[in-house]
Amino acid sequence: MKAIIMAGGEGSRLRPLTCARPKPMVPIVNRPCMEHIVNLLRDQGIRDIGVTLQYLPEEIQSYFGDGKDFGVDLHYYVEDTPLGTAGSVKNAASFLDETFIVISGDAVTDCSLQEAVAFHREKGALATLVLTEVSCPLEYGVVITDQEGRIRRFLEKPGWGEVFSDQVNTGIYILEPEILDQIETGRMVDFSKDLFPRLLAANKPVYAYVTKGYWCDVGTIEQYVQAHFDILEGKVEVALEGTESQPGIWLGDGVAMDRTAQVVPPVVIGAGSVIGPQAKIGPEVVLGRNVMVGRGASVKRSVVWDGTLIGENTVLRGAVVGWRARIKAGASCFEGSVIGDRSVVGERCVLRPGVKIWPEKWVEKRAILSTSLIWGQSARPHFFGSRGIIGDLVTEIDPEIATRLGAAAGTVQGGSLSIGADGYPASQMIRQAVQSGLLATGVQVVDFGMLTLPAHRQGIRALRLNGGIHVYHRGLEKIALRFFNNRGIDFSRSEQRQIEGMLDREEYRYTPSGQIVAAEYYPEANRLYLNYLLGFLDRNLIRKTRLRIAVDYDPERLGCLLSPLFEALGCEAVTLPAVRNQVRTSSEAVTAAEQFGSMVRGRGADLGAVLDPEGEELVLIDERGRVVQESRLMALLALINLNGNESATLALPVTMPEAVVEHARRRGCQVKRTRTAPWAQMQTAWDDEVAGSQLHFPQFFFYGDALAALGMIIEYLAREGRPLSRLIESLPSFATANREVEVAWDDKGKVLRRLAEEAGESQVEIPEGIKLRHPEGWALVLPDADEPVCRVFAESLNYETAESLTDMYAQKIREICNNQRDDNENPATVVRAAPDH
């Protein structure tokens, strides 16, 4: 016997799952739906199969081929224009010369076809329709029969007032070849709407067989998910991949599961998947092949397709996640939410029930979506943040994008460019990809090997290069890329836009293969940096004091610099070397410093320092074991710079306390206020230093160079002959406070405008964000470039008042955001999203 699988369905009600695939190719428990139908036919002895195709036919043809790998012979019949269900079968008339079965390629069933065929032959039918009983027949063809099973009435998709039976058409038919004579060639003809009513009117023998087996039309997202639950619960006989390791737990080959992960049956986990520590999977979950589930993630009643990454502490409840999607750390996707292929859901996002994300969309971190995203952002909205490009490995930064970034930088900058990285294997992988992109554009690449960010900057200046790219890891899963210009300064926003524009246009300047120049390895950048730094320090003075310094640092990245620096300065080092696999946040670094303080005090150190692995950030601890507040560290560095360079211009960020600014001005120093971005501070300091000032301490050192700042503080201690705590106490009196408030990206502009309008022009300054004056001090509201937050900074004469200012403006910001949400929910003003397609 032969069979026809109707596989031309577009599956519009299953979008976004069917945007890039025909409906029969949508996976059911990790196999295309049509593969289950092919297996059903084969297992019931039907191996000669025709397949009717119309929507994306090549997807099905390339997967199944001639059918030999599936134990059948497949023949394809492609419609140039839609012909309807009966018309598509007529298109395969040359193949149909005996009794044959017609079955949909987009349903799930285990019905006995052989029993239906026996019934058909027993009744001498021209056509037999396989029926099933359903509770809600509105979406199906309803059939009523006599006692012999002969169909007496048929109605396609009735309303409730028209319903006369709960037995519906499954789309499975047993037909005699003569029925093809009743179908016009090349015309749109439907079985249910056209052919069967015509046969009934002509009193042809059309019968119905009611199957006792399972049948589900996978027509909607709800039916798609329910079909999986039914399979997991054993309601339908479908072959599952892998082995049943425990009752109800099916594991594919090569699944790696942390011993602390929990799996609650029924669950199917595809081959090559990785389940992280403390992750919770199940019940009623299907994970595709090569899915990665992060630490602490929780997945229940969900279907996840191949190649998807589920971040740490992510929550999935009743969700469907498409092919190679990325659900980042802390995101939550609730009942009925669907994420399309290759889409990225940002950190701590919330998808409310029923929200659908179309393929290749990008949802910004912390966004809360209550409507579907169809026409929204289809690429990462911006690559650069305040400190270069930082993203999850694979999710946001992979070798492909790294190569494109290298090609963009080579095209925009040209000349000679450096490349450097830390020793982390993932960083080295990305570094090599960036280098490939650079070389492809014909630039001369100078490979600095393993080094820190400050050493890389100085290497660019020393060798007079056009710029460089530095790669380093920011925790186990994050990678950072920093782009430098010819002064070793991080790219300004205008320079960043040039790279982003080149990525959008893809107009890379590739060079002929014969003109590609091999990279030049230059491992001396760390030595150049150390010698340059030591050249500004009074080593004889420091050696006489024999200061004892306690340092918490990462030996793998800073050991080659810290030890020779202390040796050259004659300092006694009390070290706490510890490899940093996780990057500390600012608050975590302060907490570590507070714990480290007891060691500083107990060992009698003159000061303590906690250094970040890349040598950029410093947390200072005085001899009493007390952590020096960040604003006071900034003030101390400004004072050191002022004492060493009386005629210099100080470049101070807008967050610097006014008390320090006024102190500098009283000393006759010119002050330039800069934006808070590192590149802005560096650029301003560099411009003034190049303008002719004779500097003892280059102010450029103080921005993003923890070792240089530490060296300057050590010299200042030696010169002053006073304990660090006394020097901190001698700083101008001020008190500061800061906090962050969550603000949606779209609300930031409104928040700043409303605050400015409320305060009035006379009380507002706009250096960056808005600065609001008060009799008790000032508050600065600064929208963050990397996060959906606004940061509130305040200064006053005492901490309580500074805190009250930050509290007041944090509350104002929340009220503005809440009012904005109320406005959006007002039916008179709401802007509705496009309907689901």
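Exceeding 19 Å between C-alpha atoms, which entries from my cross-link table qualify? They are 2/68; 328/365; 300/365; 280/328; 90/193; 23/356. In this structure, 300/365 exceed 19 Å between Cα atoms.
Computed over the alpha-carbon pairs of the chain, the distance histogram in 20 Å steps reads 13, 35, 28, 16, 7, 1 percent, short to long. For region 303-397, the calculated P(r), taken from all Cα-Cα distances in 10 Å bins from zero up to the bin holding the longest distance, is 18, 57, 22, 3 percent.
Here the accessible area is traced with a 1.4 Å probe on the protein chains. For region 180-312, carbon and sulfur cover 49 percent of it. Taking θ as phi - 60° and the Karplus parameters 6.51, -1.76 and 1.60, the scalar couplings of region 555-570 work out to x, 5, 10, 10, x, 5, 9, 5, 4, x, 5, 5, 5, 5, 8, x Hz in sequence order, x denoting glycine and proline. With all protein chains present, how much of the accessible area of region 467-562 (probe radius 1.4 Å) comes from carbon and sulfur, to the nearest whole percent? Reported share for carbon and sulfur atoms: 46 percent. The calculated FRET efficiency for residue 178 paired with residue 375, based on their beta-carbon distance and R0 = 41 Å, is about 0.25.
Among the GluC sites (Glu not before Pro) in region 230-328, those located in a DSSP loop and surrounded by at most 14 other Cβ atoms within 10 Å of their own Cβ are 233, 237. The loop-placed GluC sites (Glu not before Pro) in region 595-658, going by DSSP, that have at most 16 neighbouring Cβ atoms within 10 Å of their Cβ come out as 646. Shown here for region 205-311: trypsin sites (Lys or Arg not before Pro) in loop regions (DSSP other than H, G, I, E, B) with at most 12 other Cβ atoms within 10 Å, namely 212, 259. Compute the helix-to-body angle for 678-690: its Cα long axis versus the longest principal axis of the chain, expressed 0 to 90° and rounded to tens. So the helix axis and the longest Cα principal axis differ by about 30 degrees. Our note on the geometry: Cα centres of region 163-206 and region 751-789, 72 Å apart.
So if we plug the beta-carbon distance of residue 798 and residue 258 into 1/(1 + (r/R0)^6) with R0 = 51 Å, what FRET efficiency do we get, rounded to 0.05? After rounding to 0.05, the efficiency reads 0.55. Length gained on full extension, residue 212 to residue 148, computed as 0.36 nm times the residue gap minus the Cα-Cα distance: 21.3 nm. The 3J(HN,Hα) values that the Karplus relation (6.51, -1.76, 1.60; θ = phi - 60°) gives for region 89-105 are, in residue order, 5, 4, 4, 9, 4, 4, 8, 9, 10, 7, 3, 9, 9, 10, 9, 6, x Hz. Gly and Pro appear as x. Projected onto their three principal axes, the Cα atoms of region 269-349 cover extents of 26, 24, 19 Å, largest first. Here the accessible area is traced with a 1.4 Å probe on the protein chains. For region 319-424, carbon and sulfur cover 51 percent of it. Measuring nothing but how far apart in sequence close Cα pairs (under 8 Å, 6+ apart) lie, relative to its length, the chain scores a relative contact order of 6 percent. Its Cα centre serving as origin, the chain has a Cβ charge dipole (Lys and Arg +1, Asp and Glu -1) of approximately 2100 debye. The helix-based estimate of mean residue ellipticity at 222 nm for the chain, built from -39,500 (n - 2.57) per DSSP H run of four or more residues and divided by its residue count, is -9500 deg cm²/dmol to the nearest 500. The mean accessible area for residues of the chain, using a 1.4 Å probe and ignoring ligands and nucleic acids, is 42 Å² per residue.
Round to the nearest 0.05 the FRET efficiency obtained for residue 94 and residue 244 when R0 = 35 Å and r is the Cβ-Cβ distance. Computed FRET efficiency for residue 94 and residue 244: 0.20.
Normalised by the number of residues in region 433-538, the mean separation of alpha-carbon contacts (under 8 Å, six or more apart) gives a relative contact order of 42 percent.
Only one residue of 234, 337, 813 has its Cα farthest out toward the positive end of the dipole of the chain, where Lys and Arg carry +1 and Asp and Glu -1 on Cβ, and that residue is 813. Under the criterion of Cα pairs below 8 Å and six or more residues apart, the relative contact order for region 1-149 equals 29 percent.
Extents of region 324-461, largest first, come to 53, 26, 24 Å (Cα atoms, principal axes, whole angstrom).
Computed on the Cα trace of region 342-422, the radius of gyration divided by the Kirkwood hydrodynamic radius gives Rg/Rh = 1.07. Compute the long axis of helix 221-232 from its Cα atoms, compare it with the longest principal axis of the Cα atoms of the chain, and write down the angle in degrees, 0 to 90, nearest 10. The angle comes out at about 80 degrees.
The values are calculated or read from the model by the stated rules, or taken from the named source; none is laboratory data. Because the structure is predicted, anything quoted here is derived from the model rather than measured. Using ideal geometry, Cβ is built from the backbone for each residue, glycine included, and neighbour counts are taken over all protein chains shown. Areas reflect the complete protein model, heavy atoms only, side chains present, ligands, DNA and RNA absent. Shrake-Rupley method; radii C 1.70, N 1.55, O 1.52, S 1.80 Å.
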